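A short worksheet on the structure shown next.
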Amino acid sequence: MAVNPDPKPGRWILPLVILGMIAFTYFFVSSLPEASPDTTLALGSTTSTLEGTGTTLPGTGTTVPDAGQAYLGELDEINAELQLLATEMVTVNEGFDADPRTVEFDDAEARLETLSTDTQALAERVRALTAPAGLETNQQALVSAIDFCAGAAADALAGLRSTDEGQQRTDAVEAFTTSAAGFNTEVQNAKNAAAATPDA
């Protein structure tokens with residue numbers, strides 16, 4: 001009777017199966033195409049292009065193209081300066097009317113003259129803006145509001161210099177602050193219009 005040199009021949013099956021799986025995995029992975037070196041560059045380019053197309057308006061979730069964002073950014077700067085001028089207008093007027101007076105005539109005249117010049121300069125900046133498509137009506141409203149501010153500033157200075165007892169100046173100050181508030185509203189309206197018209 002022949003003697004089996006290996007009493008457990010099945011014990012070699014499992015290692016052979018594992019070896020076969022390793023070999024198969026190796027050849028399979030080796031056969032996969034390598035990642036293109038252009039893939040990362042293409043993705044990077046796409047991201048850059050998208051970021052360059054516009055800016056998301058705060059609180060709207062809407063992206064406005066760069067041309068529209070530049071327009072709105074300029075309006076924000078002008079509006080901030082205008083609101084400071086409105087505060088200055090009220091401060092000068094109240095100081096001049098105070099008893100005892102805290103702003104003397106010469107000081108009030110110089111400050112209102114500067115204020116009138118600065119407001120006129122802001123009005124010219126607004127008129128020089130080119131509204132993106134879809135915001136032309138908003139631009140007209142903004143020009144109207146800032147022009148009214150410029151006129152009111154000139155009237156306040158004229159009222160101070162006149163023999164009027166103060167009514168002309170007081171009315172002009174009220175008109176200025178009302179128009180400045182109106183300009184602020186029109187800036188917000190322009191932002192809302194830009195958010196509703198993403199191609200602006």
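Subtracting the Cα-Cα distance of Ala80 and Ile22 from 0.36 nm times their residue separation leaves 13.9 nm of extension gain. Projected label points at Glu94 and Asn189, each 7 Å from Cα along the beta carbon direction, are separated by 2.8 nanometres. Relative contact order for region 107-175: 35 percent, from Cα pairs under 8 Å spaced at least 6 residues apart, divided by residue count.
Multiplying the residue separation of Glu113 and Leu129 by 0.36 nm and subtracting their alpha-carbon distance yields 3.3 nm.
Laboratory data are not the source of any read-out in this text; all were calculated from the coordinates shown. Given the structure is predicted, the values throughout are model-derived calculations rather than measurements. A quick note on method: Cβ atoms are made from the backbone with ideal geometry, for glycine too, and the neighbour counts reach across all protein chains shown.
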